[in-house]
Amino acid sequence: MDFLKGYPLFKWSINMFNDTIGVIYTLLGVSPMDGTYKEAWNMVSNLYNVFLGIGAPLLTIFFVWGFCRDALDLKAELQFEATVKTMFRYIFTVTAMEMFVVWFPLLCHMAMDLLGLVKKKRLKINAGDMARQISDNMTPMVGFVLALIFLLIAIACCVIMVWSVFGRFINMYMLIPFASIALSTIAGGGEIARTGYAYIKTMLVYAFEIVLMAVVLAIAGSFLMGSSVLDSGDNLQLVYVESIVKMVCISAALKGCDATFRRAFNM
């Protein structure tokens, strides 16, 4: 009877979802610069050096543009303070361009240190109890069909979650070679410098969004095990729908961590 109600499939689906969360925890702690990814990082670093040949002339062009803009401003004199500010901006840009492949890995390691504090708080899902809560409200055969649907949705959610973690890697790898071009705009100051500042903000999001991902996964177990339907005692068949919605919400929250991070910190 448990089989016809779909209990084994529900349990297997929840176990798979729980195991995927554990795998993602491990993936979040993997450095995109070390281990088996060291070769990919070396390739990206070499590409950065290639594009540095474009960024260096642009740095000079943007600096001259910014200096001439301030010097020819008829409404404001180019005072000593403004000159110092312009030179400081130039020095900062040169340093950032030269040291980018050094300080960005340091940021990633800082994020992984914060990740270690969150990873200790994860609550594992009791798949047996949760599957029993769902299947007990199912009629034979109908429960089996609904369990198959539940399994497919769980697989889709697991794929989305893993995809989100690997997507962060590929996004970083795509943007790192163009760092010198984006950062060179800071030397120009004014509106044109927004490109460089936007790039820095984006890379900070990619470096530290794993901490927010870890928070999502840490609360995933308790969030999924809790049930508003069971607490209210009304229409217990909705436990099935509630479980699906929560799995989808968890996967969507994990995928949207970068957007949440940007909105919360105005980045």
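May I ask you to verify whether Val229 is of a type in the set (A, V, I, L, M, F, W, C) and at pLDDT below 85? Lay out the reasoning, then the answer.
Numbers: of a type in the set (A, V, I, L, M, F, W, C): yes; at pLDDT below 85: yes.
Judged against the criteria, Val229 is a match.
Just to check your reading of the model, which residue among Leu224, Leu204 is crowded, with 16+ Cβ neighbours inside 10 Å, at pLDDT below 85 and under 22 Å from the mean Cα position of the chain (by Cα)?
Answer to the selection: Leu224.
Within region 157-174, take every residue that is over 11 Å from the mean Cα position of the chain (by Cα) and under 16 Å from Asn18 (Cβ atoms) and give me the one that is surrounded by the most Cβ atoms within 10 Å (Cβ to Cβ).
Ranking the candidates gives Cys157 first.
Quick one: which of Tyr199, Tyr240, Tyr206 is within 30 Å of Phe67 (Cα to Cα) and either out of contact with any strand residue (DSSP E or B) (no Cβ under 9 Å at 6 or more places or on another chain) or assigned to a helix (DSSP H, G or I) (or both)? Step through it out loud before you land on a result.
Working: Tyr240 fails: within 30 Å of Phe67 (Cα to Cα); Tyr206 fails: within 30 Å of Phe67 (Cα to Cα).
Tyr199 is the lone residue from the list that is within 30 Å of Phe67 (Cα to Cα) and either out of contact with any strand residue (DSSP E or B) (no Cβ under 9 Å at 6 or more places or on another chain) or assigned to a helix (DSSP H, G or I) (or both).
The values are calculated or read from the model by the stated rules, or taken from the named source; none is laboratory data. As the structure is a prediction and not an experimental result, all values here were calculated from the model. Glycine gets a Cβ as well: all are built from the backbone with ideal geometry, and neighbour counts include every protein chain shown.
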